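Enquirer: Below you will find the structure I want to go over with you.
The values are calculated or read from the model by the stated rules, or taken from the named source; none is laboratory data. Predicted model only: the values in this text are computed from it and were never measured. Quick reminder, even Gly has a Cβ in these numbers, built from the backbone with ideal geometry, and neighbours come from all protein chains shown. Note: accessible area is taken over every heavy atom of the protein model, side chains too, but ligands, DNA and RNA are not part of it. Shrake-Rupley method; radii C 1.70, N 1.55, O 1.52, S 1.80 Å.
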Amino acid sequence: MTEMNLTEENKKHEYQTERSSAAPKSFRIAGTGSCVPSRVVTNDDLTVFLDTSDEWIRSRSGIEQRHICTTETTSDLAIQAARNALENADASPDEIDMILCATISGEYICPSMAALVQRELGAQCPCMDLSAACTGWIYLMDTAAAFFARGGIRKMLIIGAEAMSRIVNWHDRSTAVLFGDGAGAAVLEPGDQYLASSFVTAGGDEVIAIPTKNGISPWLEKEEKLPLVFMDGQETYKFAVSNLPKRVDEVLAKAGLREEDLDWVVPHQANKRIIDSASRRLKGVPADHFCVNLQKYGNTSAASIPLVLDEWNRAGKFQRGDLIVMVAFGGGLSSAACLVCW
Ligand code: ACO
């Protein structure tokens with residue numbers, strides 16, 4: 001950016017590089033928010049056009065219903081979740097120095113979802129999106145931690161927002177029944193809550209893929225793939241059950257903690273059987289300390305962890321000082337975890 005383009009308003013967002021050693025090294029979560037579309041679609045509703053049943057979906061995934069967009073866009077959900085988080089944090093848009101969004105189902109590739117949110121909120125700050133499918137929330141947290149470590153950020157807004165209904169193949173019963181729409185957000189401010197993180201990406205598009213459209217290049221000689229979710233459910237399942245507990249163990253080891261020290265595990269809300277399997281492996285954490293709300297929302301990809309966080313936060317279940325692991329897996333194939341002290 002040239003000096004000529006810098007307004008007084010933008011100048012305040014230039015990062016400080018000099019920091020005092022007493023300054024907080026990461027962030028604290030000052031507030032959370034969420035939003036789901038109003039239309040509820042039950043498992044029975046799906047049986048009208050899919051060869052499936054409420055019993056199959058409940059027993060294989062734990063999902064009972066999901067919220068699906070009718071008139072809402074992905075960014076509508078993101079904007080409302082952001083407003084709710086700002087209110088919860090008692091913060092105003094002009095205090096926000098950066099907006100980061102994780103999404104794979106926005107209505108635009110450009111502009112970013114973060115830029116759309118910024119305009120609606122009336123904030124003025126750098127904005128960008130990141131794409132990491134269901135592990136998007138953990139990437140947001142880690143990216144945010146890096147920016148806070150660099151210094152100069154007063155408050156940051158992070159948002160996971162998805163309208164998976166835009167990209168689900170509604171003719172494919174093995175995937176369509178699993179996903180839902182929603183958004184979750186958090187306002188972060190300087191603090192020392194973020195303790196450790198761990199990331200693994202296997203790579204490849206064989207197990208989970210969502211192609212984009214080919215476009216209209218007259219020179220392209222490639223077959224068009226459906227721009228919809230493809231997932232090998234069993235391979236994803238195997239990846240998830242082996243990787244979730246490993247990531248939790250890794251962040252605990254990095255922080256010098258044991259399973260017994262953990263107060264809560266906030267897992268990606270994809271499948272209750274996957275969460276139960278992780279719970280059996282992580283014997284030191286009581287099963288009811290795994291936060292679960294997937295029965296109401298299905299798999300909302302990058303929105304799933306912040307939807308649970310907001311529900312537990314507003315219900316007053318997290319106490320100051322609670323040690324919480326957030327852990328996810330998904331497209332990439334990727335898996336990641338982070339540890340925060342509430
Ligand atoms: N209703 C009824 N029957 C179905 C349905 C359905 N909705 N879907 C599949 N079936 C059938 C299959 O056709 C198969 O029938 P067959 O034995 O006659 O061939 C049978 O049910 C069993 O199918 P499986 O795929 O073996 O079922 P499984 O027990 O593995 O459960 C599931 C499938 C729920 C998809 C599971 O594999 C799973 O949860 N995987 C992980 C998915 C996940 O968590 N994804 C998250 C990441 S997604 C992302 O990042 C975008």
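Enquirer: Check which residues have an amide H placed less than 5 Å from A196's amide H, if you skip close sequence neighbours.
Expert: L339
Enquirer: Among F27, F239, F179, which one moves the most in a GNM of the chain with springs linking Cα atoms closer than 10 Å?
Expert: F239
Enquirer: Further question on the same structure: Among 273-279, 210-216, what's the highest-first ranking by average C-beta atoms within 10 angstrom per residue?
Expert: Result, highest mean Cβ count within 10 Å first: 273-279, 210-216.
Enquirer: Right, next: Based on Cβ point charges of +1 for Lys and Arg and -1 for Asp and Glu, what charge dipole magnitude is obtained for segment 215-320 about its Cα centre, in debye rounded to the nearest 20?
Expert: Using Cβ point charges on Lys, Arg, Asp and Glu, segment 215-320 gives about 300 debye.
Enquirer: Given a Förster radius of 45 Å and the C-beta distance between K317 and K222 as r, what FRET efficiency does 1/(1 + (r/R0)^6) yield to the nearest 0.05?
Expert: 0.35
Enquirer: With unit charges on the beta carbons (Lys and Arg positive, Asp and Glu negative) and the dipole taken about the Cα centre of segment 150-248, which residue among L220, A186, T201 sits farthest to the positive side?
Expert: A186
Enquirer: Enumerate the amide H contacts of A30 below 5 Å, restricted to partners 5 or more residues apart or on another chain; note that Pro and chain-start residues carry no placed amide H.
Expert: Hits under the 5 Å cutoff: V187, L188, E189.
Enquirer: Let me ask something additional. For a 25 Å ceiling on Cα separation, which of these pairs sit above it: K213/K296; K25/K155; K25/K296; K238/K283; K155/K283?
Expert: Exceeds cut-off: K213/K296; K25/K296; K155/K283.
Enquirer: Would you compute, for the Cα atoms of the chain, the largest minus smallest coordinate along each principal axis and list the three values in descending order, in whole Å?
Expert: 60, 58, 37
Enquirer: Continuing with this model, one more query. How many Å² of accessible area per residue for the chain, probe 1.4 Å?
Expert: Averaged over the residues of the chain, the accessible area is 46 Å².
Enquirer: On to the next question. Grab the DSSP H runs of the chain that are 4 residues or longer, score each as -39,500 (n - 2.57), total them, divide by all residues and round the 222 nm result to the nearest 500 deg cm²/dmol.
Expert: Mean residue ellipticity, 222 nm, calculated: -9000 deg cm²/dmol.
Enquirer: On to the next question. Please work out the Cα center distance from segment 279-314 to segment 152-168, rounded to the nearest Å.
Expert: Segment 279-314 and segment 152-168 have Cα centres spaced 18 Å from each other.
Enquirer: Find the centroid of the Cα atoms in segment 36-104 and in segment 189-206, then give the distance between the two in whole Å.
Expert: Here the answer is 23 Å between Cα centres.
Enquirer: Working with all protein chains in place, sort H268, H67 by solvent-accessible area computed with a 1.4 Å probe, largest first.
Expert: H67, H268
Enquirer: Where both partners of a DSSP beta bridge lie in the chain, what percent of those bridges are antiparallel, to the nearest 5?
Expert: 70
Enquirer: Hey, another quick one. Applying a 10 Å radius around every beta-carbon, put 87-100, 35-48 in order of their mean neighbour count, most first.
Expert: Top to bottom by mean Cβ count within 10 Å: 87-100, 35-48.
Enquirer: Can I ask one more? Tell me the carbon and sulfur percent of the accessible area for the chain, rounded to whole percent, probe radius 1.4 Å.
Expert: The computed percentage sits at 50.
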